[in-house]
Every structure is written in C-alpha cells, then in structure tokens.
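One structure is given here, and the rest of the page talks about it.
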Amino acid sequence: MSRFLPRVLMAPAVATLFLWMIVPLVLTIYFSLIHYNLQEPGEHPWAGLENYHYFITDPDFWPSVMNTILLLGWVIIITVGAGIGLALLVNEPFPGQGIVRVLLISPFFVMPTVNALLWKHMMMNPINGVLAHLWQFFGMTPVDWMTDRPLMAVILMLSWQWLPFACLIFITALQSLDREQMEAARMDGANKLHQFWYLTLPHLGRSIAVVIMIEMIFLMSVFAEIFTTTSGGPGNESTNLSFLIFKQALMNFDVGVASAGALFAVILANIAAVFLIRMVGKNLD
C-alpha cells in the first residue's frame, strides 16, 4: 500500500505528460507519411517515404545542415572560450564584483526576438549602428551584416545571449576549486599558464561538457533570431534546419514535407544527444 498510493497520485501527471509528448509525435509521423498540402483540400493520399525524399533532395537541405553545424560549432566555441575567460576574471575579488556578475548574467534573460531586434537595429545597422561607427573610427568601411555576413550576424547574436549562461556555470565551478592545491602548485614554481592548463581546465571539464550539451540541444532549434533578422537569406545563407522546416510548413503550405523535416531534426538531435550524454557521463566518472 505504501508503494501503491504514491504511484496512484502520480499517475494523472505522468499520463498527462505522456499524452502531451506522444500525441504530437504520432500526428507528426502520420502527417509525414501522407500528401498534405494546405493549398490542396480534400483527400490526403498515402505518400510513404516520398516526403522524406523530397525534403532531403531539396536544394536548400544540405546548405541548411551545414549552416546548422556552423552555427552550433561557432556559438559553442565562442561561449565556452569567452565564458572561461570571463569566469576567471570575475572570480577574483574586486570592488563591485556582485554588480558585474549581475550585469554579465542579464543578457541571458533577454527574449530571443528582442535580442535579434537589438542587434539588428542598434548594433549591426550599416549606417547608424554601433559597429558601423566603430568601423568608421578605425577608417574601415562598415559591414552590412544582414546582407554580407548573415550567418555570422546570427552567430554573434546567439553568442552574446548564451555567453552569460556559460559564464555562470564556470563561475560556479571555480568556486569549488581547491585553493590549497593551487597554492601548492604556485609554491612549486608553476606559473599561471601551467596552473590553468593542469589544474583549472581539468576541474572545469564537467562544466564544459554540461554547457556544450545544453547549448547544443537549444541551438538546434534556433528560429526567432533568423526569422526576425535575415529571414534565412540572402538566398539560403542563414537558413538552418528549423527555418527550412518553417518555410516548408508556412510558406509552401506543405505539412507533409515539413513533418518529415521535423522528424529528421528530432532524429539528428537525438543522435547528438546520445554522444553528448556519453561525453558528460565520462566527465562525471
């Protein structure tokens, strides 16, 4: 009875959560196997794997996969590298340390659409943007980011938003670093670089793995920044998998192909998650 009652009390929540996950998945699988275009009302004949073939052979498919990989890779490299550097700087005591930490964390709470509009109009505007004035100050021609460097523009936006998250995780990890071990290494003649490479960096191994895993899961589905700034263009230069699925669903009105693309993205995300979970598990051993 002591085991049965908790399970009965948990059953409604578990069942609701299960239905909340399984119903959309089943419907997505069903739509991916039929011809379902919103511009063609009527019957929806069986399509089999035709929608998957159409999605994979789309000329925008491989560029969107490459853009997704580049976006994930560069954002993770920037946030992990800069996050470790900022964490090391902020970890040392100095006047106003608490205020600086709050300011470092604040960009993470900015909504994605607001973040995109902020960078598009205030930072990256080729005429009145902060970066344009900075370029002119050094005698260079301002860059029209949304036209000439659209993917890099999205990478910078996402890096600015996710950097506080990485920095916060690394600051927390540095708080548990053994100070006596660092002092012993210093007394044995180890310089700052050796202390960082042989003591600090291995200590941050778990935190780095966690940051990479969480960022990769969320960055796989980036949409708002691309939709608000570049709309996947020019051409397909800033189109990732999420935006390609959006174009199939709401611009081409092809629910079947969009569902096939969504399932492909889910499979890709799960493959990445398996490797990441193993990597985190090794760091936790």
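Summary table
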| quantity | calculated |
| --- | --- |
| Unit charges at the beta carbon, dipole of the chain: most positive-side option, PRO24, VAL211, PHE223 | VAL211 |
| Sequence of ILE155, ILE127, ILE277 once ranked by neighbouring C-beta atoms within 10 Å, starting from the fewest | ILE127, ILE277, ILE155 |
| Using θ = phi - 60° and Karplus 6.51 cos²θ - 1.76 cosθ + 1.60, couplings along the stretch 262-273 (whole Hz; Gly, Pro as x) | 5, 5, 4, 5, 5, 4, 4, 5, 5, 4, 4, 5 |
| Choice from PRO95, PRO126, PRO234 with maximal GNM fluctuation in the chain (Cα, 10 Å cutoff) | PRO95 |
| Hypothetical label at HIS44: residues of the stretch 234-254 whose amide nitrogen lies under 12 Å (7 Å Cα-Cβ projection) | 254 |
| Ranking of THR68, THR141, THR200 by count of other Cβ atoms within 10 Å, fewest first | THR141, THR200, THR68 |
| Part-to-part distance (alpha-carbon centres) for the stretch 210-259 and the stretch 66-86, which is given in Å | 18 Å |
| Cα gyration tensor shape for the stretch 218-278, rounded if a/c is under 1.5, else prolate or oblate | oblate |
| Pairwise label distance in nanometres, LEU5 with LEU19, each label 7 Å out on the Cα-Cβ vector | 2.7 nm |
| Most mobile listed residue (TRP160, TRP20, TRP197) in the chain, GNM with C-alpha springs under 10 Å | TRP20 |
| For the chain, calculated [θ]222 nm from helices alone, where every DSSP H run of n ≥ 4 adds -39500 (n - 2.57) | -21500 deg cm²/dmol |
| Most fluctuating residue given options VAL114, VAL257, VAL222, as computed from a GNM of the chain linking Cα atoms under 10 Å | VAL114 |
| Likely footprinting exposure, TYR54, TYR30, fewest C-beta neighbours within 10 Å first | TYR30, TYR54 |
| Chain lengthening between ILE214 and SER231 when straightened (0.36 nm per residue, less Cα-Cα) | 3.6 nm |
| Spin-label model distance (nm) - ASN128 vs THR147, 7 Å beyond Cα toward Cβ | 1.8 nm |
| Rounded FRET efficiency, nearest 0.05, which uses the C-beta distance separating LEU103 from GLN195 and R0 of 22 Å | 0.20 |
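Bear in mind these aren't lab numbers, they're just calculated from the coordinates by the rules spelled out. Source: prediction; values computed, not measured. Backbone-built Cβ (ideal geometry, glycine too); neighbour counts: all protein chains shown.
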